[in-house]
Amino acid sequence: MKYGLIGCGRIAVNHVKAVVNNGLEFVAACDIVPENIELLFDKTDYKDRDKVAKYTDFKEMIAKHPDLELIAIATSSGNHAEIALYCIDHGINLIIEKPMAMNMKDAEEIIRRSNEKGVKVSACHQNRFNIAVQKTRHAMDAGRFGKLSHGSIHVRWNRNKNYYDQAPWRGTWAEDGGCLMNQCIHGIDLLRWFMGDEIDTVYGVTRQQEHPYLEAEDLGMAVVTFKNGAVATIEGTTNVFPKNLEETLYLFGETGTVKIGGTSTNNIDVWDFADEAAEDAEAKGLQEATSNVYGNGHTSLYADVIDAIQNDRTPYVDAVAGRNALEVILAIYKSMKTGEVIKLPLGDFASTDMEGTFSHE
């Protein structure tokens, strides 16, 4: 399967590893800074780098390679939707790094147009493929939790000025958003997915406590109510001293309690159910080694998308999943802006609607 990559920055290393692990034919790479492509190949020690055509304009790349079957978009977040819609219009299947878009209008259009064109789109929420997450999902689908009571996600990480200095778009409302949109979106995706997807209301508060050189938040907290009666809380921050502490998901049901911990929801810290099952012995105390906070899920997500293309089915993590995670974050932002409880569905709202939220802007 012929593959192209648009955006060769920090996260692109995981994409190249997934390309190699899945045996894709890496045809073309694009980045507005040409040196980033070479640096990416250096980091990954990619053996066939001379066979990859290199571009600074994604439209030129697509024009020169009309036979591309799958493209991954890993640019700055503010460009995701524009590039995605262009690729969809050219009939190319997509993996889009999070967030899928920066506003609800673009997210809905990606879903609508990909359905219209018969193009497969996967939002890159790779943590759904973590072993701990998959085992918990299996227990949830088997009904082992019983009626859900409540849950929570805690993303307690550190990002210092050196991180934000890597690229001028980081922490801006137009191109990135804050810790909720960038660092916490994977955990928020998992929380919504596990708790039943159908949300009633969101009430949120955001702050900028320790990063005055940014436009957006470095702390966000929210209470979410679901239509199934369950309640959840969200805590996301990049203010933890001195380094990443945890990304932890708690799920509480009438007959089951699970805590998925580790730095990126990769360990099972608590696994208690009223009934016993064969999977319990393996699940209790499970730890999946990861080399970074991005985990190991990209390879599995790529494998799923390839299979979805070949068998004409919906990807496991589809564009609707990308839209749903984005909607929660934008609802928290809107709640902060208005001081009100936000009823879902959200309607049109954009990260740029938050411009001027913090006094120094």
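Of the conditions (1) touching a residue at least 24 places away in the same chain (Cβ under 8 Å); (2) assigned to a helix (DSSP H, G or I), ASN162 satisfies every one except a single condition; which number is it?
Condition not satisfied by ASN162: (1).
Applying the selection to the stretch 57-84, what residues are touching a helix residue (DSSP H, G or I) at 6+ places or on another chain (Cβ under 6 Å) and without any contact (Cβ under 8 Å) to a residue 40 or more places away in the chain?
Scanning the stretch 57-84 gives ALA81, ALA84.
Of the conditions (1) assigned to a helix (DSSP H, G or I); (2) farther than 24 Å from ARG112 by Cβ, CYS8 satisfies every one except a single condition; which number is it?
Just one mismatch for CYS8, condition (1).
Residues checked against (1) among the β-branched types (Val, Ile, Thr); (2) buried (at least 18 other Cβ atoms within 10 Å of the Cβ):
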site	(1), (2)
THR233	yes, no
GLY253	no, yes
ALA274	no, no
ALA289	no, no
ALA303	no, no
ASP312	no, no
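Need pairs with beta-carbon distance below 7 Å; first residue assigned by TED's automatic domain parsing to the domain that holds PRO66 and within the stretch 13-28, second among the acidic types (Asp, Glu) and surrounded by fewer than 17 Cβ atoms within 10 Å (Cβ to Cβ); sequence gap 6+ or separate chains.
PHE26/ASP48
Within the stretch 34-56, count every residue that is β-branched (Val, Ile, Thr), in contact with a helix residue (DSSP H, G or I) (Cβ under 8 Å, 6 or more places away or on another chain) and over 21 Å from ILE92 (Cα atoms).
Here the count works out to 1.
Just the residues that are within 15 Å of the chain's Cα centre (by Cα) and part of a helix (DSSP H, G or I), please, taken from the stretch 48-78.
Once the filter is applied, which keeps residues that are within 15 Å of the chain's Cα centre (by Cα) and part of a helix (DSSP H, G or I), the stretch 48-78 yields SER77, GLY78.
Can you say whether TYR3 is assigned to a loop (DSSP other than H, G, I, E, B), aromatic (Phe, Trp, Tyr) and under 23 Å from SER300 (Cβ atoms), as far as the supplied structure shows?
Here the answer is no, as TYR3 does not meet what is asked.
Scanning the stretch 120-139 for residues that are over 10 Å from the mean Cα position of the chain (by Cα) and closer than 18 Å to ALA74 by Cβ, which turns out surrounded by the most Cβ atoms within 10 Å (Cβ to Cβ)? Write out each step before concluding.
Applying the first criterion (over 10 Å from the mean Cα position of the chain (by Cα)) to the stretch 120-139 yields 120-122, 129-139.
Still in the list and also closer than 18 Å to ALA74 by Cβ: 120-122, 129.
On the way: LYS120: 23, VAL121: 29, SER122: 27, PHE129: 20.
Among residues in the stretch 120-139 that are over 10 Å from the mean Cα position of the chain (by Cα) and closer than 18 Å to ALA74 by Cβ, the one surrounded by the most Cβ atoms within 10 Å (Cβ to Cβ) is VAL121.
Of everything in the stretch 172-189 that's of a type in the set (Gly, Ala, Ser) and over 15 Å from ALA232 (Cβ atoms), which residue is surrounded by the most Cβ atoms within 10 Å (Cβ to Cβ)?
Of the stretch 172-189, the ones of a type in the set (Gly, Ala, Ser) are 174, 177-178, 187.
Now drop any that are not over 15 Å from ALA232 (Cβ atoms), which leaves 174, 177-178.
Working: ALA174: 15, GLY177: 30, GLY178: 32.
Looking at residues that are of a type in the set (Gly, Ala, Ser) and over 15 Å from ALA232 (Cβ atoms), I get GLY178.
Matching residues to (1) out of contact with any strand residue (DSSP E or B) (no Cβ under 9 Å at 6 or more places or on another chain); (2) crowded, with 18+ Cβ neighbours inside 10 Å:
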residue	(1), (2)
ALA319	no, yes
ARG323	no, yes
LEU326	no, yes
ILE332	no, yes
ILE342	no, yes
ASP348	no, no
SER351	no, yes
GLY356	yes, no
SER359	yes, no
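Can you name the condition, by its number, that ALA29 falls short on among (1) more than 18 Å from the chain's Cα centre (by Cα); (2) small (Gly, Ala, Ser); (3) closer than 26 Å to ARG313 by Cβ; (4) in a strand (DSSP E or B)?
(3)
On the given criteria, is LYS17 surrounded by fewer than 16 Cβ atoms within 10 Å (Cβ to Cβ) and either touching a Cys at 6+ places or on another chain (Cβ under 6 Å) or not in a strand (DSSP E or B) (or both)? Let's see the steps before the verdict.
On the way: surrounded by fewer than 16 Cβ atoms within 10 Å (Cβ to Cβ): no; either touching a Cys at 6+ places or on another chain (Cβ under 6 Å) or not in a strand (DSSP E or B) (or both): yes.
So LYS17 does not fit the description; no.
Please pick out the residue among ALA216, ALA278 that is free of Cβ contacts under 8 Å to residues at least 12 places away in the same chain and either part of a strand (DSSP E or B) or farther than 19 Å from ARG128 by Cα (or both). Reasoning before the result, please.
Values: ALA216 fails: free of Cβ contacts under 8 Å to residues at least 12 places away in the same chain.
After ruling out the rest, the residue left standing is ALA278.
Which one is surrounded by the most Cβ atoms within 10 Å (Cβ to Cβ) among residues in the stretch 140-159 that are on the phi < 0 side of the Ramachandran plot and assigned to a loop (DSSP other than H, G, I, E, B)?
Filtering the stretch 140-159 down to residues on the phi < 0 side of the Ramachandran plot leaves 140-142, 144-145, 147-159.
Among the residues that remain, those that are also assigned to a loop (DSSP other than H, G, I, E, B) are: 142, 144-145, 147, 157, 159.
Values: ALA142: 13, ARG144: 19, PHE145: 23, LYS147: 11, TRP157: 20, ARG159: 21.
Result: PHE145.
Mind telling me which of the residues GLU175, GLU109 ends up being in contact (Cβ under 8 Å) with a residue 24 or more places away in the chain, assigned to a helix (DSSP H, G or I), on the phi < 0 side of the Ramachandran plot and within 19 Å of the chain's Cα centre (by Cα)?
GLU109
Take the stretch 91-124 and flag every residue that is of a type in the set (S, T, N, Q), farther than 19 Å from HIS15 by Cβ and either touching a strand residue (DSSP E or B) at 6+ places or on another chain (Cβ under 7 Å) or modelled with pLDDT under 95 (or both).
ASN103, SER114
The values are calculated or read from the model by the stated rules, or taken from the named source; none is laboratory data. Only a predicted model underlies this, so the values are computations on that prediction, with no experimental measurement involved. With ideal geometry, Cβ positions are generated from the backbone for all residues, glycine too; neighbour counts draw on all protein chains shown.
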